[in-house]
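To keep things clear, I will list the structure first and then write my remarks on it.
The values are calculated or read from the model by the stated rules, or taken from the named source; none is laboratory data. Treat the numbers as computed from the prediction; the structure is a model and nothing was measured. For neighbour counting, all protein chains shown are included, and Cβ atoms are generated from backbone atoms with ideal geometry for every residue, glycine included. Each accessible area value is taken on the protein alone, full model and side chains, heavy atoms only, with ligands, DNA and RNA left out. Shrake-Rupley method; radii C 1.70, N 1.55, O 1.52, S 1.80 Å.
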Amino acid sequence: ANSLAQFSLDFIVKHRTREHYVTLSGSSQTTTQADVEDVDRSNLVLNYSRILTNRWFAQGTTGTERNSELGIDLRVSLGALGGRYVVQSNTNLLGFGAGLIGSLENPNREGSRWNTEAAAGFGWSLFK
């Protein structure tokens, strides 16, 4: 018999006004099995977007992450992005953006340092 047990939790909270869009999301997953080391993964991300004129937006993001399988006790990230909604209607919202994100892995260990990465992406929402 296999004694594998897996527990997971996910959530997303969104709030939008004419000028602001805030998203808080997180997930956590733990896997346990007899005679095997437990695996823990979790993250928490907060995004804040300011909606500007002509469908442009500016966004700030911050997050934390943990992954025992990869040896990451803590990863902290902070970023700034800008972009534009190319489709904006009562039923669709499609936007593209790009920016920079900095992250610090395992800040309590020797040799940890900030990494800076370029980021690009898109988001699409369909409303009914």
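Counting heavy atoms of the protein chains alone, residue 10 has an accessible area of about 110 Å² for a 1.4 Å probe.
Per residue, the accessible area of the chain comes to 71 Å², computed with a 1.4 Å probe over protein heavy atoms only.
Here the chain is treated with +1 on each Lys and Arg Cβ and -1 on each Asp and Glu Cβ, and its dipole about the Cα centre works out to around 1020 debye.
Taken along its principal axes, the alpha carbon cloud of region 50-121 reaches lengths of 49, 20, 16 Å, longest axis first. Within the full protein context, the accessible area of residue 70 is estimated at about 120 Å² for a probe radius of 1.4 Å. Panel note: the C-alpha atoms of the chain, placed on their principal axes, show extents of 58, 40, 19 Å (largest first).
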